[in-house]
1. Is it the case that some residue within the stretch 115-136 is in a helix (DSSP H, G or I) and on the phi > 0 side of the Ramachandran plot?
2. Looking at the stretch 251-267 only, could you name the residues that are under 15 Å from GLY151 (Cβ atoms) and surrounded by 13 or more Cβ atoms within 10 Å (Cβ to Cβ)?
3. One residue is enough: does the stretch 203-211 have a residue meeting the conditions touching a Leu at 6+ places or on another chain (Cβ under 8 Å) and aromatic (Phe, Trp, Tyr)?
4. Within the stretch 194-206, is there a residue that is without any contact (Cβ under 8 Å) to a residue 12 or more places away in the chain, surrounded by fewer than 16 Cβ atoms within 10 Å (Cβ to Cβ) and farther than 25 Å from HIS119 by Cα?
5. If a residue must be crowded, with 18+ Cβ neighbours inside 10 Å and farther than 16 Å from SER246 by Cα, how many such residues does the stretch 105-120 contain?
6. How many residues are in contact (Cβ under 8 Å) with a residue 24 or more places away in the chain and either β-branched (Val, Ile, Thr) or more than 26 Å from GLY199 (Cα to Cα) (or both) if we restrict to the stretch 231-253?
7. Identify all residues within the stretch 133-181 that are under 26 Å from HIS262 (Cβ atoms) and β-branched (Val, Ile, Thr); write none if there are none.
Amino acid sequence: MLPTEDLFVYVYVMVDDAIASGAVAIPPRPGPRRPAATPSCWPSRWCGTCRAAAARPPSWPRSPGTGRTCSRACRTKAMASRRIRWLWGAFEHFRTHLAAQLPADDCQQIDTSALPVKHASRVRGPDGWAGPNGLAARFGRDAAHAEWFYGFRLAIKTDLGSRIVRAWSIVPAAVNERDVATDLLEAGPRPRDLLADKGFNGAAFAAQQAARGTAVLVPPAKDQRRSMPPILQKIIAEWRNRVEASFGEITDLMELARHGAHTFWGLLTRTAATIAAHTLLRACLAAA
């Protein structure tokens with residue numbers, strides 16, 4: 001295990017190399033370029049956060065300060081917050097860059113998981129949790145915890161072996177999972193076999209995917225598994241646990257379930273960053 005300080009340096013250098021090589025493209029912002037903040041332009045009314053950000057070592061990215069007074073609301077923190085929200089696309093570029101370094105499995109999995117944004121008891125009508133194309137927070141059923149939630153769903157497509165996320169999406173809380181699978185399968189090469197949960201079961205969906213070269217494998221129901229040999233029950237349980245393990249790493253270990261976002265765009269950025277970090281973790285383990 002790397003010390004935390006070395007891990008941050010390793011990730012920083014990797015991201016910097018990806019940006020320098022053009023693998024991760026960050027489009028320039030419109031408007032005139034602003035100079036970096038230096039001690040000579042520190043107004044007396046700058047807050048401590050502005051001064052600390054401007055005084056960071058030259059080996060790290062320059063401060064997002066504007067050289068103006070922060071007045072009562074710190075402009076440095078506001079600009080940093082806006083830039084972080086805009087970087088969700090860069091996180092996704094970085095993830096695809098990492099994932100492309102490893103060949104995709106012939107067998108992949110698709111599933112969805114609850115992504116709450118507010119406790120269900122605190123919903124009092126329309127709010128600001130809205131994204132593009134009419135996507136908005138709604139009520140949905142979390143089958144894993146047998147409870148209702150308010151928010152969205154996170155859908156992911158992962159390799160069966162390495163569990164690397166090959167495609168992901170934030171979708172409505174109550175959604176037809178077969179439609180989600182159809183969209184995720186459009187990203188990247190189609191797998192030979194697709195392992196899915198019972199929510200993706202359907203003769204029409206299976207026939208549609210079979211016509212495109214993908215066999216949909218849905219685990220049998222509980223009453224069917226009881227009549228199977230123990231070795232088959234163990235294999236089926238292991239298959240089912242792989243995608244659940246990926247969700248556990250993303251939502252629990254990396255704390256996406258406690259994202260702390262206040263808007264959809266903040267949630268999108270945190271999700272993209274978390275999945276990029278998970279991809280980096282799985283890629284490093286696969287290369288070890």
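1. At the first step, the residues of the stretch 115-136 found to be in a helix (DSSP H, G or I) are 120-122, 132-134.
Then drop every residue that is not on the phi > 0 side of the Ramachandran plot, which leaves 133-134.
Within the stretch 115-136 (the criterion being in a helix (DSSP H, G or I) and on the phi > 0 side of the Ramachandran plot), the answer is yes, since at least one residue qualifies.
2. Going through the stretch 251-267, the residues under 15 Å from GLY151 (Cβ atoms) turn out to be 251, 256-267.
Result: THR251, LEU256, ALA257, HIS259, ALA261, THR263, PHE264, TRP265, GLY266, LEU267.
3. Within the stretch 203-211, none of the residues are touching a Leu at 6+ places or on another chain (Cβ under 8 Å) and aromatic (Phe, Trp, Tyr).
4. Checking the stretch 194-206: at least one residue is without any contact (Cβ under 8 Å) to a residue 12 or more places away in the chain, surrounded by fewer than 16 Cβ atoms within 10 Å (Cβ to Cβ) and farther than 25 Å from HIS119 by Cα.
5. Final tally of qualifying residues: 2.
6. Residues of the stretch 231-253 in contact (Cβ under 8 Å) with a residue 24 or more places away in the chain: 239-240, 242-247, 249-251.
So of that shortlist, the ones also either β-branched (Val, Ile, Thr) or more than 26 Å from GLY199 (Cα to Cα) (or both) come out as 243, 250-251.
So the count comes out to 3.
7. Of all residues in the stretch 133-181, those under 26 Å from HIS262 (Cβ atoms) come to 133-142, 144-145, 147-156, 165, 168-175, 180.
Listed by number, the residues that qualify are ILE156, VAL165, ILE170, VAL171, VAL175, VAL180.
Yes/no per residue for (1) out of contact with any Asp or Glu (no Cβ under 8 Å at 6 or more places or on another chain); (2) more than 23 Å from ALA237 (Cβ to Cβ); (3) not charged (D, E, K, R):
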site	(1), (2), (3)
ALA114	no, no, yes
LYS118	no, yes, no
ALA136	yes, yes, yes
THR158	yes, no, yes
SER169	no, yes, yes
LEU185	yes, yes, yes
ALA196	no, no, yes
GLY199	no, no, yes
ALA204	yes, yes, yes
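The values are calculated or read from the model by the stated rules, or taken from the named source; none is laboratory data. Given the structure is predicted, the values throughout are model-derived calculations rather than measurements. All Cβ positions, glycine included, derive from the backbone under ideal geometry; neighbour counts span all protein chains shown.
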